[in-house]
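Each remark here refers to the structure printed beneath this line.
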Amino acid sequence: MYKDKKVIVVLPAYNAALTLERTFREIPFDLVDEVVLVDDASPDNTAEVARKLGVKHVITHEKNKGYGGNQKTCYNKALELGGDIIIMLHPDYQYTPLLLTAIISIIGNELYPVVFASRILGKGALNGGMPMYKYIANRLLTFTQNLLMNQKLSEYHTGYRAYSGEVLRSINYNKCNDDFVFDNEIIAQIFSKGYEVGEVTCPTKYFEEASSINLQRSIVYGLGVLRVSCLYALAKTGLYKWDLLK
């Protein structure tokens, strides 16, 4: 608990057997009450490793539902468990769990209802091995998104995010895409409701076992992100009625 708020970490997992233990061991369990792992039909033994580590809530998808579909299951379970502070942490050890203490305190002290761990603040991305083409694409997409969505985030594409339970209950994230563009659609819903997003600097690690999408899927993702931002801009001006924001 943090100031009488129940803290739940959710782990959207796919082929994370080799990195899960390192991630799990760094979670600050003096603050975190529950861990939920959702295995998205991994061909490896991710779920088995999770159970051996003592993860109480392990959910296995019979069929792969995609990154967004995995998050939906994560958040639905976290809300069912009564989470007041819910943090998504990738179990591939690309993002350090050591930041959880800071992230939890920001939401727990009601400074921000949503917190993103940014790889772009500081020099964490390039120092951690982010490929240059991904770094450039990240900067260009973020610049465009900030213009279209009238915001000032340092990046929209981090996979390390925390929400108050109130935020997740007030939006319909289950209507979002089941693939990677889910992350940007939920941002659109959050901004549409008037919530502010805080950011913390996050070191990151790129290595062989860490998950990453290939160039082709990155291009599809980038186009999807631009579509989301354009639809948001049109919806906010009243020129388009976007069902996702209802």
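The values are calculated or read from the model by the stated rules, or taken from the named source; none is laboratory data. These numbers were taken from a predicted model, which means no experiment stands behind them. Glycine also receives a Cβ, built like all others from the backbone with ideal geometry; neighbour counts cover every protein chain displayed.
For region 174-186, filtering for residues that are in a helix (DSSP H, G or I) and surrounded by 20 or more Cβ atoms within 10 Å (Cβ to Cβ) leaves 5. Of all residues in region 49-64, those that are farther than 17 Å from residue 81 by Cβ have Cβ atoms under 9 Å from Cβ atoms of residues that are surrounded by fewer than 14 Cβ atoms within 10 Å (Cβ to Cβ) and of a type outside the set (S, T, N, Q), 6 or more apart or on another chain, in 53/25. Only one entry of 28, 12 meets the criterion of being of a type outside the set (Asp, Glu), closer than 17 Å to residue 96 by Cα and in a strand (DSSP E or B), and that entry is 12.
So which helices (runs of 4 or more DSSP H) are wholly in region 34-144 and hold at least 2 residues that are modelled with pLDDT under 95 and surrounded by fewer than 18 Cβ atoms within 10 Å (Cβ to Cβ)? It comes to 124-127. For region 29-50, which positions are of a type outside the set (A, V, I, L, M) and over 8 Å from residue 13 (Cβ atoms)? 29, 30, 33, 34, 43, 44, 45, 48, listed by residue number. Restricting 75, 67, 93 to those that are under 17 Å from residue 11 (Cα atoms), of a type in the set (Phe, Trp, Tyr) and touching a Ser or Thr at 6+ places or on another chain (Cβ under 7 Å) reduces the list to 93.
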